[in-house]
Amino acid sequence: MIVAEQKPLAEIAEMVKDAERVLIVGCSECVTVCQAGGEKQVGILGTALGMMRKKEGRELQWEGVTPVRQCEPEYLEVLDKKVKDVDCVVSMGCGVGVQFIAERYPGLWVVPALNTKFGGGTVEAGVWEERCGFCGECILHKTGGICPIIRCSKSLLNGPCGGSQDGKCEIDSEVDCAWQLIYDRLKGLDRLELMYAYTPPKDWSRARDGGPRKVVKEEARI
Amino acid sequence: MKSGSKLERVLAGGHFAVTAEVGPPKSASSKGIVKHTEHMKDHVDAVNLTDNQTAIVRLSSVAAAVHVMRAGAEPVMQMTCRDRNRIAIQSDILGAASLGVRNILCLTGDHQSFGNHPTAKNVFDLDSIQLIRAVKDMRDEKKFICGEEMRVAPRMFIGAAANPFGDPFEYRVMRLAKKVEAGADFIQTQAIFDVERFAKWMEAVRDMGLHERVYIMGGVIPVKSYGAMRYMSTVPGMRIPKQLLDRMKAAEDPKEEGVKICVEIIEQLRQIEGVKGVHIMAVYWEEIVPTIVERAGLYPRPEVDDAVG
């Protein structure tokens, strides 16, 4: 899933400082799971912004709505009426959600309440970790199911650098060395030969380096 | 001869090679590089120029290499994968070769979080092994990474680093094998303090016959103080035996003790089969290099035929 976290409240307040009426839009997918932008967080953010305004002696009218997801136009229809009465929409979706709302309402000011972090998952309650770098050409079959593109701090493809020590990365003793994980796993699977083979430079044109990407599935088109 | 560099000729001639490192300054002045080069040039076969080491912005290693040549020594230009993509790397290699640089050390590069621009975007379009292969293909096949051909190839003696103290230990020799396979001609290792562990690594290197396929130079660092050594012992990928730390702590003259330890390590390295030279990394203490070379009995340096073969 897409993992995000909320921006500091002061930063969001600054973005909406000129607005009198705002619509706060949550999303019931990934950002609900990572507890950044679900229905609950929409309520908390609205209340907090309202209280900040009150302290300043000004009113903030806000309403919250949490569609199924922001990244599909049909689920945004529920916003069509609501946005007519507001100066600003605060999206608590990921960066995709913010942009889908902005695209739908060309005359409307839309701001992000979250920082979209990465493609990852829940490792324990309240902890999410990065797992996928969206490079466009998966190599997990060559690396024992552990991604060096995103989990090695240097995205190395031919094994660990000299900074790997005691299973940890040179940048932070809290960060696992991805290549140590790969080594251990391949050793356990008796497939270490995968680590001895030379991996040539990666084709980054399949990642964002090749420009904005699009996936088209013909049979799914109407 | 692959490159005709002096370093290659010294090693090919069977001499125990000596290189030393000079760190380019955080300024637009060549003074320090020239001063250090002139001071050590008779005592070393080549001078390494670091490439924005520890991710701190410094005068470029390409330019520094030219200053070294003007000052009368041979450079080993270090190049990391952190700051340039494959286009810039190949371009700099062509440029450096056109200026007369004949040795390159291919490195991954320290992560930018260590340096003075931790908010920088890193590149790592290539890793060090892919970089070695790229230089080899440019030199031997006259080919760029994309497969296109060039008219005049860069003649480079290709170096790589090896860290016998990194983990996973069992993989470290395999990684060296990958570097040799990719085209490394010589190796400069991470600084050695734990000679016992290094000897164990060399044993594994010999078991695979790698010592006959690549010139291995052991890295050493003369340490000025107990504090410096203690700090170094915390750097990932460095291992310093407690006994050396104790010696530095107890020393009345820590600088002298640091030199003594360095010279002892060089002497021990020379006894290890397959070690073909030493690389002295006297960080912020370049002026000590001649003393160490002399006390280690490595002076005078051999005269090698100038003819580019």
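Taken together, the values in this text are just the output of simple stated rules run on the coordinates, not laboratory data. These numbers were taken from a predicted model, which means no experiment stands behind them. Counting neighbours? That spans all protein chains shown, and the Cβs are built from the backbone with ideal geometry, glycine included.
A compact table of results
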{"quantity": "GluC sites (Glu not before Pro), loop per DSSP, at most 12 other Cβ atoms within 10 Å - longest free stretch of chain B", "calculated": "B:1-140"}
{"quantity": "Whole-percent pair-distance distribution, where bins are 10 Å wide, for the alpha carbons of segment B:48-91", "calculated": "29, 50, 20, 1"}
{"quantity": "Segment B:1-118 - Rg (one decimal) and Dmax (whole number), Cα, Å", "calculated": "14.1, 44"}
{"quantity": "Value at 222 nm in deg cm²/dmol, rounded to 500, when DSSP H runs of n ≥ 4 in chain B each add -39,500 (n - 2.57)", "calculated": "-11500 deg cm²/dmol"}
{"quantity": "Unsatisfied cross-links (Cα-Cα over 26 Å) in the set A:K214/B:K136; A:K168/B:K121; A:K168/B:K178", "calculated": "A:K214/B:K136"}
{"quantity": "Compactness index (Cα Rg / 2.2 N^0.38 Å), segment B:1-54", "calculated": "1.30"}
{"quantity": "Expected-Rg normalisation [2.2 N^0.38 Å, Cα atoms] applied to the protein assembly as shown", "calculated": "1.18"}
{"quantity": "Residues of type lysines that A:K82 reaches as a straight line, Cα spacing below 29 Å, ignoring anything fewer than 8 places off in the same chain", "calculated": "A:K7, A:K17, A:K40, A:K54, A:K55, A:K117"}
{"quantity": "Loop sites in segment A:124-180: GluC sites (Glu not before Pro), DSSP, at most 14 other Cβ within 10 Å", "calculated": "A:E137"}
{"quantity": "Rel. contact order, % - alpha carbon contacts under 8 angstrom, at least six apart, segment A:138-210", "calculated": "28"}
{"quantity": "More than 16 Å apart - percent of Cα-Cα pairs taken over segment B:262-304", "calculated": "39"}
{"quantity": "Efficiency of FRET from Cβ geometry, A:A125 and B:E196, R₀ 60 Å, rounded to 0.05", "calculated": "0.85"}
{"quantity": "Chain B, relative contact order [Cα under 8 Å, separation at least 6], %", "calculated": "21"}
{"quantity": "Highest-fluctuation residue, B:I87, B:I192, B:I266 considered, GNM on chain B with Cα pairs under 10 Å", "calculated": "B:I87"}
{"quantity": "Straight-distance crosslink candidates among aspartates and glutamates, where the alpha carbon sits under 16 Å from B:K142 and sequence neighbours closer than 8 are dropped", "calculated": "B:D92"}
{"quantity": "Cα gyration tensor shape of segment A:138-210, rounded if a/c is under 1.5, else prolate or oblate by comparing a/b with b/c", "calculated": "oblate"}
{"quantity": "DSSP beta bridge pairing in segment B:131-261, given as percent antiparallel to the nearest 5", "calculated": "10"}
{"quantity": "Qualifying trypsin sites (Lys or Arg not before Pro) for segment B:84-122 [loop in DSSP, other Cβ within 10 Å: at most 13]", "calculated": "B:K121"}
{"quantity": "C-alpha center-to-center spacing [segment A:22-54, segment B:96-156] in angstrom", "calculated": "48"}
{"quantity": "Rounded tilt (10° steps) of B:195-207 against the dominant C-alpha axis of chain B", "calculated": "40"}
{"quantity": "Nearby aspartates and glutamates by direct alpha-carbon distance to A:K81 (threshold 20 angstrom, same-chain neighbours under 8 apart not counted)", "calculated": "A:E20, A:E39, A:E63, A:E72, A:E103"}
{"quantity": "Degrees between helix B:31-40 axis and first principal axis of chain B (Cα, 0 to 90, nearest 10)", "calculated": "70"}
{"quantity": "Dmax and Rg, reported as Rg then Dmax, of segment A:1-81 (C-alpha, Å)", "calculated": "13.1, 40"}
{"quantity": "Isotropic mean projected area of the C-alpha convex hull, chain A (nm²)", "calculated": "16.1"}
{"quantity": "Inverse mean reciprocal Cα-Cα distance (Kirkwood Rh) of segment B:6-295, Å", "calculated": "19.3"}
{"quantity": "Helix B:86-98 vs. chain B, principal-axis angle (Cα, 0 to 90°, nearest 10)", "calculated": "80"}
{"quantity": "Sparsely packed GluC sites (Glu not before Pro) within segment A:33-107, loop by DSSP, other Cβ within 10 Å at most 14", "calculated": "A:E59, A:E77"}
{"quantity": "Beta bridges by DSSP in segment A:2-118, antiparallel share as percent, to the nearest 5", "calculated": "25"}
{"quantity": "Kirkwood estimate for segment B:171-309, i.e. one over the average of 1/r between Cα atoms, Å", "calculated": "16.1"}
{"quantity": "Rounded to 5, percent antiparallel among DSSP beta bridges of the protein assembly as shown", "calculated": "25"}
{"quantity": "Relative contact order %, chain A, counting alpha carbon pairs below 8 Å whose residues are six or more apart", "calculated": "17"}
{"quantity": "Two-decimal log10 I(q)/I(0) for segment A:87-135, as the Debye equation yields it once each C-alpha is a single scatterer, q = 0.16, 0.18, 0.25, 0.27 Å⁻¹", "calculated": "-0.57, -0.66, -0.89, -0.95"}
